[in-house]
1. Let me check against my output: what whole-number percent is the relative contact order of the chain, with C-alpha pairs under 8 Å and at least 6 apart?
2. Return one whole number: the accessible area per residue of the stretch 66-183 in Å², for a 1.4 Å probe.
3. Can you list the HN-Hα couplings for the stretch 211-221, worked out from phi with the Karplus curve (6.51, -1.76, 1.60; θ = phi - 60°), rounded to whole Hz and with x for Gly and Pro?
4. Quick one: accessible surface of W84, probe radius 1.4 Å, all protein chains present, in square angstrom to the nearest 10.
5. Given that just one value was derived from the coordinates, which of (i) 6, 26, 35, 23, 8, 2, 0, 0; (ii) 5, 22, 24, 17, 14, 11, 5, 1, 0, 0; (iii) 6, 23, 29, 18, 6, 4, 4, 4, 3, 2, 1, 0, 0 is P(r) over Cα pairs in 10 Å bins from 0, in percent?
6. Any idea what the relative contact order of the stretch 140-273 is, in percent, if you count C-alpha pairs under 8 Å spaced at least 6 apart?
7. How many lysine pairs in the chain, separated by 8 or more positions in sequence or lying on different chains, have Cα atoms less than 22 Å apart?
8. Using a Gaussian network model of the chain whose springs link C-alpha atoms within less than 10 Å, name the residue from M299, M239, M205 with the highest mean-square fluctuation.
Amino acid sequence: MSAEEKRNLLAMLLEDSLLTNPATPDQGRRSVPDLRFELLGPLVMKHGNVDVAPSAPKLRAVLATLLFNANRSVAASALTRELWESEPPRTAQATVQTYVFKLRKLFRNALGVTTEYVNQQLLLTHSGGYTLLVDADQLDITEFERLVTAGSAELHAGDYEKAAHNLRQSLALWRGPVIPELQWGTQLRAHAARLDERRFYAQTMRIEADLCLGLHREMISELASVVVEHPLHESAHVMLMTALHRAGRTSAALDVFMRFRKRMLQELGIEPSARIQTLHLALLRNDPLLDDRALTSEMLLDHLTTAGPRMRAA
């Protein structure tokens, strides 16, 4: 072991011994100005306009794991699993401590803050684990979730302009696949998959809002791409069929249903749901409900399925 490695190890052990079970910082703690963490694309840690994220893959994986669990304790054993899964080296525990020590050193040097600030206000050590304290406006995934939640609520409340705006803002935060350069552990893969699902949800809700604003023709090409990427996603097909009908292309909407039904039968061996079949029948009879722009696709299906039994009874 070199002299520098010995100094680092001694400093790391001293630091951990002093930081076990530190006092939780109060809500009035001083935040580092102009600090921003981004996970919706390659991992970024910006201070001002400069990316100061670590370059070493393992260190980036530790930082990403702490960020996905921001303001929550992450056990050292969880970090070990993320870095090496089921085959950790004998030195895993000490190596994790070394990575945390290096992160603290990076924070001190890149952010221009004191050791005390890093240890007590930024990257805390608890018994058996670590917590990275991050303000809501410093992390893009927190901002993304806030915008998606607000947009979804506004969509269901009928405020389509605000919904479209917030959902569009949420999608603009994405710079590519979730930190694609990392070697994923189980939990990191789970976090990435969940975020991909939320991104798709935000996209479909934004399209819903735009359809309710009358942008039927504008949405057709985007929806056509969505159904190619998600050939068994029923809601996307419902929106495409609705958009095509409202754009005066009912025959194309009927073709979409027939292709979807064929795909379902070939790949899953089942018929499409009763709800989308009700939409198909409504297209065939040119039901006036199809042209009610105030209805989202789900609301439209609700109205059509409710009206169906009454029409048959009549």
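The values are calculated or read from the model by the stated rules, or taken from the named source; none is laboratory data. Predicted, not measured: the structure shown is a model, and the values here were computed from it. Just so you know, the surface numbers come from the protein's heavy atoms only, side chains and all, with ligands and any DNA or RNA stripped out. Shrake-Rupley method; radii C 1.70, N 1.55, O 1.52, S 1.80 Å.
1. Values: 370 pairs, mean separation 48.5, N = 314.
In percent, rounded to a whole number, it is 15.
2. On the way: 5560 Å² over 118 residues.
Normalised by residue count, the accessible surface of the stretch 66-183 is 47 Å².
3. 5, 5, 8, x, 8, 5, 5, 5, 8, 4, 5
4. Accessible area, nearest 10 Å²: 50 Å².
5. Read-out from the structure maps to (ii).
6. Working: 119 pairs, mean separation 23.5, N = 134.
Worked out over the stretch 140-273, it gives 18 percent.
7. Details: K6/K58; K6/K102; K6/K105; K46/K58; K46/K102; K46/K105; K58/K102; K58/K105.
Qualifying lysine pairs in the chain: 8.
8. M299
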